[in-house]
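The values are calculated or read from the model by the stated rules, or taken from the named source; none is laboratory data. Nothing here was measured: the structure is a model prediction, and the numbers come from that model. Because the Cβ atoms are built from the backbone with ideal geometry, glycine has one as well, and the counts that use them run over all protein chains shown.
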Amino acid sequence: MNDIMRNKTSTQLFQYWNVIRGDRELPRRNEIDPSAIRTLLPQLFILERDHFGGMKFRLAGTHVCALFDRDFRGRQFATLWLGSQAGKVLQIGRRVMAQHVPVVLSATARTEDGRELETETLLLPLASNEGHSDASNEGHSDRILGSLSPLSRPYWLNATPVSALDVTGLRVLDPDRTAAFLKEPAAGDASQPGIRRVQHLRVFEGGRDG
């Protein structure tokens, strides 16, 4: 799995998500036990879909907030990303929920004074239906469990806040669903431009382990 994700937090969270979902497509949100992943909590977040089609932070760990020097609770996920990429990342998040597919994003964190830091963001779908445990009825996903992790710790980290993330790569963590996840929209549908068209985005095929 080390060739899929470059950060220990991403790897451990993905392993935990796989364990609690068992043979289902995704776990329910009430199955997440914070005590089982307490060492990861500062770098974790939970997103929820809002009534306007956006995704806002329900929770954000202390390290995520410290990276940008702001509190993200209640804010839109799109505000993390460069303005030109906000809509594309929102589309990716929607597909994670709609298709029940986990993905990992590579991105360069940029500061106002030109500093750069490579980061990794993991997005894992959660089922909203708490009333069913049967694998054939996993419920509807309207939330995402995620992590945001720097890949190094420069001296200026947490002293100089990051202003935006510049997405550079995407990997779908289920090789059987990569093609469907990245599928271009029907001709003439300008409302949802294809994920492959993100400027300078590298798409890595497949990647799920086990």
_Among the residues of region 2-45, what is the count of those that are under 23 Å from Leu117 (Cβ atoms), aliphatic (A, V, I, L, M) and surrounded by fewer than 18 Cβ atoms within 10 Å (Cβ to Cβ)?_
2
*Is at least one residue of region 102-113 among the charged types (D, E, K, R), out of contact with any helix residue (DSSP H, G or I) (no Cβ under 6 Å at 6 or more places or on another chain), within 25 Å of Thr11 (Cα to Cα) and in a helix (DSSP H, G or I)?*
no
*Determine which member of the set Gln85, Gln76 is buried (at least 16 other Cβ atoms within 10 Å of the Cβ), at pLDDT below 90 and over 13 Å from Leu122 (Cα atoms).*
Gln85
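Out of Gly93, Gly22, Gly61, I need the residue that is among the small types (Gly, Ala, Ser) and in contact with a Pro (Cβ under 8 Å, 6 or more places away or on another chain). Which one? It would help to see each step written out before you state the result.
Numbers: Gly93 fails: in contact with a Pro (Cβ under 8 Å, 6 or more places away or on another chain); Gly22 fails: in contact with a Pro (Cβ under 8 Å, 6 or more places away or on another chain).
Criteria check complete, one pass: Gly61.
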_Among the residues in region 49-59, are any in contact with a Gly (Cβ under 8 Å, 6 or more places away or on another chain), touching a residue at least 60 places away in the same chain (Cβ under 8 Å) and either surrounded by 16 or more Cβ atoms within 10 Å (Cβ to Cβ) or aliphatic (A, V, I, L, M) (or both)?_
yes
*asked:* Condition first: out of contact with any helix residue (DSSP H, G or I) (no Cβ under 9 Å at 6 or more places or on another chain) and in a helix (DSSP H, G or I). Now tell me which residues in region 20-37 satisfy that.
replied: Arg29, Asn30, Ser35
*asked:* For region 114-131: of the residues being of a type outside the set (Asp, Glu), touching a strand residue (DSSP E or B) at 6+ places or on another chain (Cβ under 8 Å) and outside any strand (DSSP E or B), which is modelled with the lowest pLDDT?
replied: Asn129
*All positions within region 68-100 that are small (Gly, Ala, Ser) and either part of a loop (DSSP other than H, G, I, E, B) or within 16 Å of Leu173 (Cα to Cα) (or both)*: Gly74, Gly93, Ala98
_Count - residues of region 1-19 that are assigned to a loop (DSSP other than H, G, I, E, B) and in contact with a helix residue (DSSP H, G or I) (Cβ under 9 Å, 6 or more places away or on another chain)_ = 5
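Against the condition out of contact with any Lys or Arg (no Cβ under 7 Å at 6 or more places or on another chain) and more than 29 Å from Trp156 (Cα to Cα), how does Ala86 come out, does it pass?
no
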*Could you list, in sequence order, all residues of region 89-103 that are out of contact with any Phe, Trp or Tyr (no Cβ under 8 Å at 6 or more places or on another chain), surrounded by 15 or more Cβ atoms within 10 Å (Cβ to Cβ) and at negative phi?*
Gln91, Ile92, Arg94, Val96, Met97
